[in-house]
Amino acid sequence: MAAAGGVVGVRHYHPNGDPPRILITGSLGQLGTGLAKLLREKYGTKNVIMSDIVKPTKDIVNSGPYVFADILDFKCLQEIVVTYRIDWLVHFSALLSAIGEQNVPLAIRVNIEGLHNVMELSKQYNLRVFVPSTIGAFGPTSPRNPTPNITIQRPRTIYGVSKVHGELLGEYYHHRFGLDFRCLRFPGVISSDTQPGGGTTDYAVQIFHDAMEGREFECYLRPTTRLPMMYIDDCLRSLWEMLVAPSEKLRQRTYNVTAMSFTPEEVVAAVRQHFPDLHVTYRPDSRQNIADTWPEVFDDSEARRDWGWQHHYDLKAMCTIMFDNLRRQNQ
Ligand code: AKB
């Protein structure tokens, strides 16, 4: 059995030159549909299996394989991995920061117990596994501007706690068992076709929809709250680049990635370049307390150094493509 990039015991992902077969959990969230599309273009439709516990739309079913997968049910996951001969697993199922605070026991089950199943499964079946982490894995005692890759991590949300746990567990399985664990800490992700659900950075998606519909935008963060952000195409490309990076290039298994950093008042100004009449009110709520503990500027220099990460979209370019996409969707 060939070792991938020097990590002893990890199976090469192209045993016979075949494309990898990939399972995506939680694939009906903000990132899954776009990732499935990107991976299907690269590896073939039938080799990318979307999964979730949600009843899919016709479009999803027609786009390629979709199966029910409850990440809390180990046997259910085992069956899918065996039946579809899965090589890589992208584990998206999670409750995000704001929604996690509303149901902590559920967040512990999904984000922590679910992850335990995914780690064990990946170890048993020798899978390459990608688990996203987040700027939310940092807390009030972390340096916030910039936040380096390795620093203090004492988050104050269950989401953040579960993500630090995921980073550490994945790195432990990597060093102890040779698991090919890969992890990126994402900033707020902005997309036009899929909505985020229950996050602290969601305002930066909502503003585009409100501007487009001619609605007033009510922002739940103060105008000066700076957070790192990224356009979805950059996010998915970074994920894929991390997924295929040769092991010998990865000096670590968890990397910060980002594209830009802005405040609500800065994104409002950028959106007003397209919709000058946009009316905005600020009504900070409990999400402000979360944002106040998160990085303002994310240092992703290690991803740029080790595997050549480069973002394509800054705030201006992102506004242009978001409104182009929304206009096309409304036609
Ligand atoms: C959230 O706001 O919870 C997420 C994240 C930054 O991880 N978008």
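Here's a check for you: in region 66-88, which residue that is more than 21 Å from the chain's Cα centre (by Cα) and surrounded by 15 or more Cβ atoms within 10 Å (Cβ to Cβ) is nearest to Gly166 (Cα to Cα)?
As a first pass, look at region 66-88 and keep what is more than 21 Å from the chain's Cα centre (by Cα): 73-76, 78-85.
Next cut, surrounded by 15 or more Cβ atoms within 10 Å (Cβ to Cβ) only: 74, 76, 78, 80-81, 84.
Numbers: Phe74: 17, Cys76: 21, Gln78: 20, Ile80: 22, Val81: 21, Tyr84: 25 Å.
Ranking the qualifying residues of region 66-88, first place goes to Phe74.
Kindly indicate whether Ala259 is in contact (Cβ under 8 Å) with a residue 60 or more places away in the chain, buried (at least 22 other Cβ atoms within 10 Å of the Cβ) and within 21 Å of the chain's Cα centre (by Cα).
Details: in contact (Cβ under 8 Å) with a residue 60 or more places away in the chain: yes; buried (at least 22 other Cβ atoms within 10 Å of the Cβ): yes; within 21 Å of the chain's Cα centre (by Cα): yes.
Yes.
Restricted to region 288-312, and to residues that are within 16 Å of the ligand (Cβ to nearest atom) and among the aromatic types (Phe, Trp, Tyr), which residue is surrounded by the fewest Cβ atoms within 10 Å (Cβ to Cβ)?
In this case the residue turns out to be Phe298.
Within region 103-126, restricting attention to residues that are without any contact (Cβ under 8 Å) to a residue 60 or more places away in the chain and among the polar types (S, T, N, Q), which residue is farthest from Pro187 (Cα to Cα)?
My answer is Gln124.
Here are the criteria: (1) touching a strand residue (DSSP E or B) at 6+ places or on another chain (Cβ under 8 Å); (2) assigned to a loop (DSSP other than H, G, I, E, B). Tell me which single one Leu95 does not satisfy.
Among (1) touching a strand residue (DSSP E or B) at 6+ places or on another chain (Cβ under 8 Å); (2) assigned to a loop (DSSP other than H, G, I, E, B), Leu95 violates only (1).
Considering region 89-106 alone, what residues qualify as being more than 16 Å from the ligand (Cβ to nearest atom) and either over 16 Å from the mean Cα position of the chain (by Cα) or surrounded by fewer than 17 Cβ atoms within 10 Å (Cβ to Cβ) (or both)?
The answer is Pro105, and nothing else.
When residues of region 244-273 are filtered for being closer than 14 Å to Ala317 by Cα, among the polar types (S, T, N, Q) and more than 16 Å from the ligand (Cβ to nearest atom), how many remain?
Number satisfying all stated conditions: 1.
Being among the aromatic types (Phe, Trp, Tyr) and closer than 16 Å to Asn111 by Cβ is the filter here; which residues of region 128-145 pass it? First the steps, then the outcome.
If we filter region 128-145 for residues that are among the aromatic types (Phe, Trp, Tyr), which is where we start, we get 130, 138.
Within region 128-145, Phe130 is the sole residue that qualifies.
Please pick out the residue among Val129, Val161 that is out of contact with any Lys or Arg (no Cβ under 6 Å at 6 or more places or on another chain), free of Cβ contacts under 8 Å to residues at least 60 places away in the same chain, outside any helix (DSSP H, G or I) and surrounded by 21 or more Cβ atoms within 10 Å (Cβ to Cβ). Explain how you work it out, then say what you get.
Working: Val161 fails: outside any helix (DSSP H, G or I).
Unique residue meeting the criteria: Val129.
Checking Ile232 against (1) among the hydrophobic types (A, V, I, L, M, F, W, C); (2) over 13 Å from the mean Cα position of the chain (by Cα); (3) crowded, with 23+ Cβ neighbours inside 10 Å: exactly one of these is not met. Which one?
Unmet for Ile232, out of (1) among the hydrophobic types (A, V, I, L, M, F, W, C); (2) over 13 Å from the mean Cα position of the chain (by Cα); (3) crowded, with 23+ Cβ neighbours inside 10 Å: (2).
Of the residues Arg128, Arg85, Arg109, Arg156, only one is within 14 Å of the ligand (Cβ to nearest atom) and of a type in the set (Lys, Arg); which? Even if it seems obvious, please write down each step before you answer.
Working: Arg128 fails: within 14 Å of the ligand (Cβ to nearest atom); Arg85 fails: within 14 Å of the ligand (Cβ to nearest atom); Arg109 fails: within 14 Å of the ligand (Cβ to nearest atom).
Going through Arg128, Arg85, Arg109, Arg156 in turn, just one is within 14 Å of the ligand (Cβ to nearest atom) and of a type in the set (Lys, Arg): Arg156.
Check off (1) free of Cβ contacts under 8 Å to residues at least 24 places away in the same chain; (2) of a type in the set (A, V, I, L, M, F, W, C); (3) surrounded by fewer than 17 Cβ atoms within 10 Å (Cβ to Cβ); (4) part of a helix (DSSP H, G or I) for Ile152 and give me the number that stays unchecked.
Among (1) free of Cβ contacts under 8 Å to residues at least 24 places away in the same chain; (2) of a type in the set (A, V, I, L, M, F, W, C); (3) surrounded by fewer than 17 Cβ atoms within 10 Å (Cβ to Cβ); (4) part of a helix (DSSP H, G or I), Ile152 violates only (4).
Would you mind finding the one in Leu169, Leu179, Leu227 that is of a type outside the set (D, E, K, R) and out of contact with any Ser or Thr (no Cβ under 7 Å at 6 or more places or on another chain)? Don't jump to the end; show me each part of the working.
Working: Leu179 fails: out of contact with any Ser or Thr (no Cβ under 7 Å at 6 or more places or on another chain); Leu227 fails: out of contact with any Ser or Thr (no Cβ under 7 Å at 6 or more places or on another chain).
Within the list Leu169, Leu179, Leu227, the selection yields Leu169.
Does Thr134 meet the test of being more than 29 Å from Phe298 (Cα to Cα), hydroxyl-bearing (Ser, Thr, Tyr) and at pLDDT 95 or above? Steps first, answer last, please.
Working: more than 29 Å from Phe298 (Cα to Cα): no; hydroxyl-bearing (Ser, Thr, Tyr): yes; at pLDDT 95 or above: yes.
Considered against the rule, which asks whether it is more than 29 Å from Phe298 (Cα to Cα), hydroxyl-bearing (Ser, Thr, Tyr) and at pLDDT 95 or above, Thr134 comes out as no.
Within region 252-262, identify whether any single residue is farther than 29 Å from Ile24 by Cα and at pLDDT 95 or above, and answer yes or no.
First, pick out the residues of region 252-262 that are farther than 29 Å from Ile24 by Cα: 262.
Checking the rest, the ones that are also at pLDDT 95 or above come to 262.
Yes, region 252-262 contains at least one residue that is farther than 29 Å from Ile24 by Cα and at pLDDT 95 or above.
Table: residues versus (1) away from the ligand (no atom under 12 Å from the Cβ); (2) part of a loop (DSSP other than H, G, I, E, B); (3) surrounded by fewer than 18 Cβ atoms within 10 Å (Cβ to Cβ).
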| position | (1), (2), (3) |
| --- | --- |
| Glu171 | yes, no, yes |
| His175 | yes, no, yes |
| Cys183 | yes, no, no |
| Pro196 | no, yes, no |
| Val205 | no, no, no |
| Leu236 | yes, no, no |
| Met242 | yes, no, no |
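The values are calculated or read from the model by the stated rules, or taken from the named source; none is laboratory data. Since this is a predicted model, take the numbers as computed values, not measurements. No Cβ is skipped: glycine too gets one built from the backbone with ideal geometry, and neighbour counts run over all protein chains shown.
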